[in-house]
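Asks: Got a structure for you, written out below as structure tokens; questions coming shortly.
The values are calculated or read from the model by the stated rules, or taken from the named source; none is laboratory data. Note that the structure is a prediction, hence the values are computed from the model and not measured. Here the Cβ is made from the backbone with ideal geometry for all residues, glycine too, and neighbour counts use every protein chain on show.
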Amino acid sequence: MHNFHAQIKRDLTIGWRNRQDVAVMLIFFVIIIALFPLAFGPSAAILEPLAVPIIWIAALLSILAGFDGLFADDVRDGWLDQISIPVVDVVSGEPPMGSFYQLGLYAVAKAMAHWVKTGVPLLLTTPLMAIMLHMPLHQLGALMVALAVGSCSLTLLGIIGAALAQGARRGGGLMALLVLPLAVPVLIFGVMASQPDMSVIVTPHLMLSGALAMLLLALAPPVAAMALSESDGGSGS
Amino acid sequence: MASDDTSMRMHSGLWLDAVTIMRGIRPVIHDFSNHLDYGQLGLVHGGNGAGKTTLLRAIAGRIPVASGIIRCAAAAGRTASGDAARLYVGHQDGLSSLMSGRENLQSWAAMTGYGDKQKIEVALAVLGCMDFADSMVRSLSRGQRRRLALARLMLGPETALWLLDEPNVGLDDDANDALARIICAHIGNGGMVLAATHLDLVAKLGTKRQIWTLGQKAHKDA
Amino acid sequence: MFDFMANPTRFMRIADWLFRPLLLVTAVTMAYGLYLGLFASPPDYQQGETVRIIYIHVPSAWLALFGYVGLGLCGLFYIVWRHPLADIAARAIAPVGAMFAFLTLVTGALWGKPMWGAWWVWDARLTSMLILFFFYLGVIALANGFDRPERGSRPAALLALVGLVNVPIVKFSVDWWHTLHQPASILRRGGPAIDASMLTPLILMLIACHGYFALVVILRMRALIAARRIANIELKRLGNDGGI
């Protein structure tokens, strides 16, 4: 699976060189959250019950906003062509896997690298946001775990959306339109998993969240591979 | 599909059998058949829009074939069911602009399993890239990027099929010479090269070559 | 691939043959169903005359779901068999399904006002239907979102397939969400009990709406096939399409 590691390494390297993008995403996250007290008023009595949903919505929008043109650079550079040509093992002459599986692995590698670049910083910023919204801190554990699972689901949904909308005219907005209806269960189960009745972290809601993430993990690679497998690369002549 | 008797014939090299490729609802390549054997150079000729890029991309596996068969069988003496490795240099260079040339090649080598550190250095030297191999690709000129893209070819196996789409665009004389040399060397080692080019590479290469003409109902030319 | 020329022709011949009888059946059932529903059947003892809207609301909801499943199946056919008729059928069905979803929402709102006192309630079924409506819009936007129109067929088919798997999950999550946030409601869950005298017009309207759906889809498919043929002729006339 050396190509999987190679793709992650590549994406993280490029991501590091573009590290201001992570800052932009985090600022976006914080600004969205800050809008709510500005709109509702600073009273802790109003903000406290809303804290968890606000953080979730801000996380959802921030993660999805970062998917605009996820594959666009690779398509434009011709990298997608390179990785989808079936590789032949030099020694045996046998192709270890076909173009479809190669693209599927590429999609998962992209998802993982994106989660590290986007989901992890988001998770690290969440405690600070919780304080800003007067959230009772004993709930923080459940929130972090639920967000960790939910951000994986959202990342995978973003991969599907970006792959489907790749090459479309109004890419970013179109991708959001496609993904948001499908993100509803992630939001619903995620918010419920973040607010358990007792101080238990693993609740049925969390398990449903996890199941959803697993389903998306199974769905995203084939859908992305099918969506990316045929494309025009530059004009003919 | 006629797989049984044709597979008997397709024991080595690149075979195209009654291939039709659609672009949208229009057949760009229609009922095209041809064959390229190991140690041969094929030049694809045709006017604008004749389908040269489409044909090369279809052989590379990026565009599906509407009917017919494209088969790129491994060299005789290897595993019977093996495919030949395909290396494609298209209009785009396949380089990420935020990495250096060397890093790009290393990344590609890690992805495909073709080539190693040593081969990369040799490739960079042959294509004259040593001076700018560590600069970020976004600061390089068109010709320099093209050299890096072509350097990739040298990392692949000896018996690979090289699919080149307008390889010499933006290259200066030195680079053109280097390109001609590596193509000759590859063919000499038993590889296959199929190139679409407006310019006449033939003058630079002393080798025999086939000419594939697209644009009309084309059949095998010698 | 040149089956494309044969199959749509065959389909259109069958469709033409079906059209008149289908039109007749639809017209008759709709007329009779509307008459029974709007005039001849009894008003509900609880809701009065407003219950009559179910004769449009229920068939609309049913057909919105039916269209969504049909869209998913067309997507499957297109992805697996690359059948061009599947793409045309999907493009024909999507707006019709979307329209029925919209109609469901509107009739739901019109029903809700006298019932619950509000123009919109976040009822589980209405909310699911709203999301289904957004999903329809997404598929339509994707299919038409590319510069080269045929480029959108594949992503839209894939999205329809993804939806086939995911929209039931959305429905499940919305039901779950609704039961946990149970608002005070005077509406008995499940709606009014269906009496025999209401069943007949309901079934008639269901049949009528199915017929209407089929008629409009056939008309749209005819138009789409004709448009493709014209585009084909244009391309041939131009000879070379000048590279892509």
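Asks: Search segment B:20-38 for residues that are farther than 20 Å from C:ARG154 by Cα and among the aliphatic types (A, V, I, L, M) and pair each with any residue that is assigned to a strand (DSSP E or B) and modelled with pLDDT under 85 when their beta-carbon atoms are under 6 Å apart and the residues are at least 6 apart or on different chains.
Replies: Taking only residues 6 or more apart or on different chains, the pairs are B:LEU36/B:GLY13.
Asks: Return yes or no: is C:SER128 in a helix (DSSP H, G or I), out of contact with any Leu (no Cβ under 6 Å at 6 or more places or on another chain), within 14 Å of chain A (Cβ to nearest Cβ) and within 20 Å of A:LEU157 (Cβ to Cβ)?
Replies: Yes.
Matching residues to (1) under 30 Å from A:ALA227 (Cβ atoms); (2) at pLDDT 90 or above:
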site: C:GLU49; (1), (2): no, no
site: C:VAL69; (1), (2): yes, yes
site: C:TYR78; (1), (2): yes, yes
site: C:LEU103; (1), (2): no, yes
site: C:GLY112; (1), (2): no, no
site: C:THR127; (1), (2): yes, yes
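Asks: From the list C:ALA118, C:ALA109, C:ALA98, C:ALA124, exactly one residue is in contact with a His (Cβ under 7 Å, 6 or more places away or on another chain) and over 30 Å from B:ILE63 (Cα atoms). Which is it?
Replies: Only one candidate qualifies: C:ALA124.
Asks: Return a yes/no flag: does segment B:121-133 have any residue that is at the interface with another protein chain (Cβ under 7 Å from one of its Cβ atoms) and either over 15 Å from the mean Cα position of the chain (by Cα) or surrounded by fewer than 23 Cβ atoms within 10 Å (Cβ to Cβ) (or both).
Replies: No; the residues of segment B:121-133 include none that is at the interface with another protein chain (Cβ under 7 Å from one of its Cβ atoms) and either over 15 Å from the mean Cα position of the chain (by Cα) or surrounded by fewer than 23 Cβ atoms within 10 Å (Cβ to Cβ) (or both).
Asks: Also, I was wondering about something else. Which count do you get for residues in segment B:13-58 that are within 12 Å of another protein chain (Cβ to nearest Cβ) and of a type in the set (Ser, Thr, Tyr)?
Replies: Residues in segment B:13-58 being within 12 Å of another protein chain (Cβ to nearest Cβ) and of a type in the set (Ser, Thr, Tyr): 3 in total.
Asks: Hey, among B:LEU140, B:LEU150, which residue is more than 8 Å from chain A (Cβ to nearest Cβ), in contact with a Pro (Cβ under 9 Å, 6 or more places away or on another chain) and farther than 27 Å from A:PHE100 by Cβ?
Replies: Unique residue meeting the criteria: B:LEU150.
Asks: Let me ask you something else. Test A:LEU180 against the criterion of being within 27 Å of A:PRO127 (Cβ to Cβ) and at the interface with chain C (Cβ under 9 Å from one of its Cβ atoms), and give yes or no.
Replies: Yes; evaluated as a whole, the condition is true for this residue.
Asks: Pull up segment B:56-75, narrow it to residues that are within 14 Å of B:LEU161 (Cα to Cα) and among the aliphatic types (A, V, I, L, M), then point me to the one that is surrounded by the most Cβ atoms within 10 Å (Cβ to Cβ).
Replies: B:ALA60
Asks: Being at pLDDT below 85, at the interface with chain A (Cβ under 7 Å from one of its Cβ atoms) and over 18 Å from the mean Cα position of the chain (by Cα) is the requirement here; does B:GLY77 meet it?
Replies: Spelling it out, it is not the case that B:GLY77 is at pLDDT below 85, at the interface with chain A (Cβ under 7 Å from one of its Cβ atoms) and over 18 Å from the mean Cα position of the chain (by Cα).
The rows are residues; the columns are (1) modelled with pLDDT of 90 or more; (2) touching a helix residue (DSSP H, G or I) at 6+ places or on another chain (Cβ under 8 Å).
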residue	(1), (2)
C:GLY138	yes, yes
C:ALA141	yes, yes
C:SER153	yes, yes
C:ALA156	yes, yes
C:ALA160	yes, yes
C:GLY163	yes, yes
C:ASP175	no, yes
C:HIS181	no, no
C:SER185	no, yes
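Asks: Take the residues in segment A:71-86 that are within 7 Å of chain B (Cβ to nearest Cβ) and not in a helix (DSSP H, G or I); name whichever of them is modelled with the highest pLDDT.
Replies: A:GLY78
Asks: So, one more: Go through (1) free of Cβ contacts under 8 Å to residues at least 40 places away in the same chain; (2) more than 16 Å from C:TYR212 (Cα to Cα) one by one and return the number of the condition C:ALA86 breaks.
Replies: With respect to (1) free of Cβ contacts under 8 Å to residues at least 40 places away in the same chain; (2) more than 16 Å from C:TYR212 (Cα to Cα), C:ALA86 is out only on (1).
Asks: Next question, about the same structure. Can you pull out the residues in segment A:87-134 that are within 25 Å of the chain's Cα centre (by Cα), modelled with pLDDT under 90 and buried (at least 21 other Cβ atoms within 10 Å of the Cβ)?
Replies: Across segment A:87-134, the qualifying residue is only A:GLN102.
Asks: Give segment B:34-65 a look and list any residue that's of a type in the set (Val, Ile, Thr) and over 26 Å from C:ILE79 (Cβ atoms), or say none.
Replies: Hit for segment B:34-65 is B:VAL44, nothing else.
Asks: Go through segment A:1-54 residue by residue and tally those that are within 14 Å of chain B (Cβ to nearest Cβ) and not basic (Lys, Arg).
Replies: 17
Asks: How many residues does segment B:180-205 contain that are modelled with pLDDT of 85 or more, aliphatic (A, V, I, L, M) and over 16 Å from B:HIS91 (Cβ atoms)?
Replies: Number satisfying all stated conditions: 7.
Asks: May I pose another question? Being outside any helix (DSSP H, G or I) and either β-branched (Val, Ile, Thr) or touching a Leu at 6+ places or on another chain (Cβ under 7 Å) (or both): is that true of A:VAL202 here?
Replies: yes
Asks: Another question, then. So, A:SER151, is that one in contact (Cβ under 8 Å) with a residue 40 or more places away in the chain, part of a helix (DSSP H, G or I), farther than 18 Å from C:GLY145 by Cα and within 12 Å of chain C (Cβ to nearest Cβ) or not?
Replies: Taking the combined requirement at face value, the residue does not satisfy it.
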